[in-house]
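Q: Sending over a structure as structure tokens; questions will come in a sec.
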Amino acid sequence: MYVTIRVILYGMLCFLPHNTTNSNRATFGYQENNLVHLSSGSEFEQFREQFNDDGRIFGFLRVTAGDELSKRSKFILITWVGENVSPLKRAKAGTDKALVKQVIQSIATEIMTSDLADIDLDFIMDEVKKAGGANYGTGVRN
């Protein structure tokens with residue numbers, strides 16, 4: 001399983017840190033017992049639709065954060081375990097998350113949730129700002 005996760009995630013996510021594509025999100029989930037790529041693209045609503053009560057999903061999102069002097073790409077890992085997922089599968093998702101984090105190492109914020117309200121761009125951006133530490137802007141707000 002480790003080799004499969006490593007190959008899939010590296011192959012599908014190596015484009016995310018680069019601004020040469022329009023893709024800024026990707027989701028991975030399970031088919032039978034294998035972790036597979038579910039979707040990628042640029043629409044946040046399509047990203048959000050992937051999360052459901054029966055799913056175990058790893059979502060990766062690239063956002064632009066920073067103050068008016070310095071804008072940077074930040075990467076978010078969302079681990080979703082739906083309310084209807086069995087305890088055994090919940091535990092497996094936790095184990096697989098550790099493997100996922102070995103492959104994708106430049107994560108600014110990590111969110112583990114089963115509440116769709118947490119898959120909200122404003123909430124995610126607030127979490128990125130909190131994780132970013134000091135904000136040395138000029139004081140002019142957008």
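Q: In this structure, is Arg90 surrounded by fewer than 17 Cβ atoms within 10 Å (Cβ to Cβ), under 23 Å from Ala131 (Cβ atoms), at pLDDT 80 or above and out of contact with any Ser or Thr (no Cβ under 8 Å at 6 or more places or on another chain)?
A: No: the conditions fail for Arg90.
Q: Being crowded, with 18+ Cβ neighbours inside 10 Å and not hydrophobic (A, V, I, L, M, F, W, C) is the filter; apply it to segment 93-113 and report the residue that is nearest to Leu35 (Cα to Cα).
A: Among residues in segment 93-113 that are crowded, with 18+ Cβ neighbours inside 10 Å and not hydrophobic (A, V, I, L, M, F, W, C), the one nearest to Leu35 (Cα to Cα) is Asp96.
Q: May I pose another question? Filter segment 96-117 for residues that are in contact with a strand residue (DSSP E or B) (Cβ under 6 Å, 6 or more places away or on another chain) and assigned to a helix (DSSP H, G or I); which is modelled with the highest pLDDT?
A: The selected residue is Lys97.
Q: Looking at this structure, is Val140 in a loop (DSSP other than H, G, I, E, B) and at pLDDT 90 or above?
A: No.
Q: Determine, yes or no, whether Arg48 is under 12 Å from the mean Cα position of the chain (by Cα) and either closer than 18 Å to Glu83 by Cα or at pLDDT below 80 (or both).
A: yes
Q: Given the conditions (1) among the β-branched types (Val, Ile, Thr); (2) more than 14 Å from Thr27 (Cβ to Cβ); (3) within 11 Å of the chain's Cα centre (by Cα), which single one is not true for Ile76?
A: (2)
The values are calculated or read from the model by the stated rules, or taken from the named source; none is laboratory data. What you see is a predicted model; the values in this text were computed from it and never measured. Cβ atoms come from the backbone with ideal geometry, glycine included; neighbour counts cover every protein chain shown.
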